[in-house]
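Heads up: the structure comes next, in structure tokens.
The numbers here are math on the coordinates, done by the rules we state, and not lab data. Quick caveat, the model's predicted, so the values are computed rather than measured. Cβ sites come from the backbone with ideal geometry, for glycine too, and all protein chains shown count toward neighbours.
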Amino acid sequence: MLKKIITFLILAISLTLLFPLTAGADVIIEPPDSFYERNSGSMVYINRRFYANGDEGFISLKSEPGSNREVAAYENGTIAYISHTYNHQGSDWGVITFDHGAARNGTGWVPMDQLALVYDNDEFTRDFGNDFYDFGGDISALLEVEELIFWTWPGSGEIAMTDPNAQNRAQAPALNWLQASRAYRDPEGREWLIIPYYFASRATWVCLSDPGNRDIPAFNQPPAPELHPPVDPSTVRTGVISIPIIASIMVTVLSVATIVLVRVFWKPKKDV
């Protein structure tokens, strides 16, 4: 019995060492949202990040597309992850998962025209894809460094993840994943390889010319986003008043006005 337990522990530890990286995601993320669950067949998966960029200086997240009920609000410049969009009466809405006070993993929906895209590898590929070329060279430099640095794109200055396990990197499956087929050479002559998949992380880059250097200066940062000036949503009225609430307010106002008018103009008759 003891021998079986020891064998199981050794296997568990081996698997843990084999898959040391947890950056990124290998499965489609589905938000814990009731509207999404009811309409999952009509959703479009986009898996990208956006800046809040509302006309009033913030965005108001609604309980579902087209709803007036606000569940959260974020000032412009806040970065939000959009996993899926839904077309509501001709307008695309994105779903955001957030932590809001006691409401852990809450969700809210916002019109996509209230957001601005965060520059990412897809945009880099759009801008520089014509400079990519086929690669079939030697990748031994990636196996020789103690820590391999993965970047969001060449020159971004942003590290996507790192792999500190050179021993596992030199064998399958990691070794197979590092066999890149496309490359890019930056203005300084450094050669970069795009790694389509590596331990659950997709579309990251390694610098073949300097694979262990985490201090490669940022030379290809995106321009600053053009956003509406931010406004703290807590300082303004963020919720949209629904029709029933408006009706209730009007009834109350009319009732008060009627009482005032009666007291001003109505005078009781005196007994003769």
Point to revise | Point-charge dipole on Cβ atoms (K/R +1, D/E -1) for segment 121-207, about Cα centre, debye to 20 | key: 260 debye
Review point. Among 171-180, 221-230, what's the highest-first ranking by average C-beta atoms within 10 angstrom per residue?
Key: 171-180, 221-230
Review point. If you build the Cα gyration tensor of segment 150-190 and take the root of 5 times each eigenvalue, what three semi-axes come out, in whole angstrom, biggest first?
Key: 22, 14, 8
Check your understanding: So for the pair ASP55, SER181, with labels modelled 7 Å out along Cα→Cβ, what separation do we get in nm?
Key -> 4.7 nm
Review point. Of the peptides 110-120, 37-47, how do they stack up when ordered by the mean number of other Cβ atoms within 10 Å, highest first?
Key: 110-120, 37-47
Check your understanding: In segment 108-197, which GluC sites (Glu not before Pro) fall in coil by DSSP and have 11 or fewer other Cβ atoms within 10 Å?
Key -> GLU146, GLU158, GLU188
Point to revise | Within segment 70-94, backbone nitrogen closer than 17 Å to the virtual label 7 Å beyond the Cα of ALA224 toward Cβ | key: 76-79
Practice item. Evaluate the Debye formula for segment 121-207 with equal point scatterers sitting on the alpha carbons, no solvent, and hand back log10 of I(q)/I(0) at q = 0.13, 0.16, 0.22 Å⁻¹, in q order, two decimals. Key: -0.38, -0.59, -1.13
